[in-house]
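Please read the structure below before turning to the comments.
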């Protein structure tokens with residue numbers, strides 16, 4: 001294939017056309033991704049569920065104690081606690097329908113306690129002890145699934161599906 005010399009203006013036009021072809025669909029996808037999914041009319045009510053995955057062992061193999069608090073004024077007020085099933089999931093919805101309200105929530109995961117129960121050989125004191133996960137619920141008619149990846153030295157979380 002032979003190279004054809006092009007002028008500066010032709011080069012700029014081609015670059016602009018290419019950038020537009022890439023950026024416009026990406027922006028549209030980002031805007032639709034930023035819009036949270038709407039509740040299904042006549043479907044299941046809004047709810048909150050939880051799943052924690054132990055990345056150190058490759059799967060959650062024990063129960064993890066989790067405390068749930070909701071912001072009340074300048075602090076957080078405990079509203080319930082639970083132990084995950086051995087697979088790391090909450091046993092059903094934590095809040096659903098009328099019990100699920102908009103607001104600021106905090107999940108406190110007792111990670112050091114989890115690894116101690118497994119007999120893990122970790123330094124004392126452990127690097128992570130109780131790990132807080134704070135999130136906001138804007139529309140309690142939607143489904144919120146908090147997914148957490150955790151280990152003895154790190155954690156990450158996201159809103160799952």
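Quick notes on this one:
- Whichever residue in the stretch 93-121 is part of a helix (DSSP H, G or I) and touching a strand residue (DSSP E or B) at 6+ places or on another chain (Cβ under 8 Å) and, among such residues, is surrounded by the most Cβ atoms within 10 Å (Cβ to Cβ): 114
- Residue in the stretch 132-153 that is assigned to a loop (DSSP other than H, G, I, E, B), over 19 Å from residue 56 (Cα atoms), modelled with pLDDT under 95 and within 11 Å of the chain's Cα centre (by Cα) present: no
- Matching residues in the stretch 40-57 - criterion: being within 20 Å of residue 117 (Cβ to Cβ) and either part of a strand (DSSP E or B) or over 18 Å from the mean Cα position of the chain (by Cα) (or both): 50, 51, 52, 53, 54, 56, 57
- Count - residues of the stretch 66-92 that are in a loop (DSSP other than H, G, I, E, B) and surrounded by 14 or more Cβ atoms within 10 Å (Cβ to Cβ): 4
The values are calculated or read from the model by the stated rules, or taken from the named source; none is laboratory data. What you see is a predicted model; the values in this text were computed from it and never measured. For neighbour counting, all protein chains shown are included, and Cβ atoms are generated from backbone atoms with ideal geometry for every residue, glycine included.
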